[in-house]
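Here is the structure we will look at, set down as C-alpha cells.
Just so you know, all these numbers are worked out from the coordinates, no wet-lab data involved. All of these numbers come straight from a predicted model, not from anything done at the bench. With ideal geometry, Cβ positions are generated from the backbone for all residues, glycine too; neighbour counts draw on all protein chains shown.
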Amino acid sequence: MPNATTIPRSDAGKRALLQHLSNHLTNYVTILEITPADLTQVKTGFDWFDYSLKLEDATQNYTDAIFAFKRVLRDGPKSAAINLPAALVLITPPASVPYADIFGFLGALIVRIKRHKNYTEAIGKALHIIAPQSPGQDTATLQPTLTYDFKGNHPILYWKHKGTEALELEADHGTGTFSLQTIKISTSFEDTTPLPLSGTIALWRYRAIYHIRDEQVGQWSPILEIMVKGN
C-alpha cells in the first residue's frame, strides 16, 4: 500500500523522522491546519529524544571504557599501559519540559495530517510519512541455515522461516543417502530416530529446503553434520 504510514522501528530512524518533521512541518501550517502547539510538541519531542539517545551513547561509551580498564587489570597483558577511563561528561538537557509517549503523539498527528482534505501523496513523501514500498521476496536466493542442540542425546534442529510457509528436512542416519525426514511449519524438529548402540558414535547428516504453496523454493541448506552418541 503506497500511502501507508510508518514510524521507523529503530531509534535512529525515529530520531530522523522527528528531526525532519521539526524542520519541515512549518511549510504546511496553513494548508494542513497545523497548530503552534503541534509544532512545539514535535520540536520538544525531537529535542528530548535526541538528548536521550546522546545520553545513552555517552554512558555506553563510558561503560565500555570501564570494562576495558577492568579487563586489562584482570587479564593483562603485563606490558599493557593502564589508562583510567575519562570522566563521564553529561550533555546539558533541553530547556523545554519533556513529555511521555512521544511517538504516540506523533502517530496520532500523522494520522490527522493524512486525513486532512488538503493532504496529498506528494505532501506525504515530502514529510517522510509514507512507508517505502518493500521489494518482493526473491525466492530463488532463499536458503535455510540449520542449527542444533541436544535433548537426551537426540538432536533438536532449529531454523528461521524467512517468510516461507514450511521447511522440508532430509536426513542421512549413516546410510550415505538422504531421505525425507519431515515437512515442518514450525521452526524446530526433534529427531527421535533410535540412537546408535551404547558407547558408539554415529555421524548423522541433515539438509533442508524451504516450501511456499507446497513447492520447494530457493536452495538446499548447507549440510549439517552431527556426531550422535549412543546412551
Query - Net length gained if the chain between GLU165 and ALA202 were fully extended (0.36 nm per residue, minus Cα distance) - result: 10.1 nm
Report task. Would you mind ranking ASP191, ASP214 so that the residue whose beta carbon has the fewest other beta carbons within 10 Å leads the list? Result -> ASP214, ASP191
Query raised in the report: How large is the helix-only mean residue ellipticity at 222 nm for the chain, computed as the sum of -39500 (n - 2.57) over DSSP H runs with n ≥ 4, divided by its residue count, in deg cm²/dmol to the nearest 500?
Result: -10500 deg cm²/dmol
Query raised in the report: What relative contact order, as a whole-number percentage, does the range 1-114 give when Cα pairs under 8 Å and 6 or more residues apart are counted?
Result: 28 percent
Query raised in the report: In nanometres, what is the gap between the two model label sites at LYS125 and THR139, each 7 Å from Cα along Cα-to-Cβ?
Result: 3.1 nm
Report summary line: Heads up, the range 19-125 by the C-alpha gyration tensor (a ≥ b ≥ c square roots of eigenvalues; a/c under 1.5 rounded, else a/b over b/c prolate, else oblate) looks prolate
**Report entry** Pairs beyond 22 Å (Cα-Cα), from LYS54/LYS162; LYS43/LYS117; LYS14/LYS114; LYS14/LYS160; LYS151/LYS184
**Finding:** LYS54/LYS162; LYS43/LYS117; LYS14/LYS160
Report summary line: Subtracting the Cα-Cα distance of SER96 and LEU84 from 0.36 nm times their residue separation yields 0.8 nm
Query raised in the report: For the range 38-83, which trypsin sites (Lys or Arg not before Pro) are both in a DSSP coil and crowded by at most 14 other Cβ atoms within 10 Å?
Result: LYS78
Query raised in the report: In terms of the Cα gyration tensor, with a ≥ b ≥ c the square roots of its eigenvalues, is the range 56-181 rounded because a/c is under 1.5, prolate because a/b exceeds b/c, or oblate?
Result: oblate
Query raised in the report: Given labels modelled 7 Å from the Cα in the Cβ direction, how far is it in nm from TRP220 to THR175?
Result: 1.5 nm
Query raised in the report: Rounded, prolate or oblate: which fits the range 125-231, taking a ≥ b ≥ c as square roots of the Cα gyration tensor eigenvalues, rounded meaning a/c under 1.5, else prolate when a/b beats b/c?
Result: prolate
Query - the chain - convex hull of the alpha-carbon atoms, volume per residue in Å³ - result: 233 Å³
Query raised in the report: ALA37 to TYR62: FRET efficiency via 1/(1 + (r/R0)^6), r the Cβ-Cβ distance, R0 41 Å, to the nearest 0.05?
Result: 0.65
Query - Extension gain, VAL72 back to TYR148 (0.36 nm per residue minus Cα-Cα distance, nm) - result: 23.8 nm
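Exactly which chymotrypsin sites (Phe, Trp or Tyr not before Pro) in the range 66-171 are in a DSSP loop and have at most 15 other Cβ atoms within 10 Å?
Details: sites: PHE67, PHE69, TYR99, PHE103, PHE105, TYR119, TYR148, PHE150, TYR158, TRP159; in loops: TYR99, TYR119, TRP159.
Sites meeting the loop and neighbour criteria: TYR99.
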Query raised in the report: Relative contact order for the chain: what is it in percent, counting Cα pairs under 8 Å that are at least 6 residues apart?
Result: 17 percent
Report summary line: Counting only DSSP loop positions in the range 184-231, the trypsin sites (Lys or Arg not before Pro) whose Cβ has at most 14 other Cβ atoms within 10 Å are ARG213
Query - Sequence of LEU167, LEU106 once ranked by neighbouring C-beta atoms within 10 Å, starting from the fewest - result: LEU106, LEU167
Requested in this report: Round to the nearest 0.05 the FRET efficiency obtained for ARG112 and LEU55 when R0 = 30 Å and r is the Cβ-Cβ distance.
Outcome: 0.45
Query - Relative contact order computed over the range 113-217 (Cα-Cα under 8 Å; 6+ residues apart), in percent - result: 27 percent
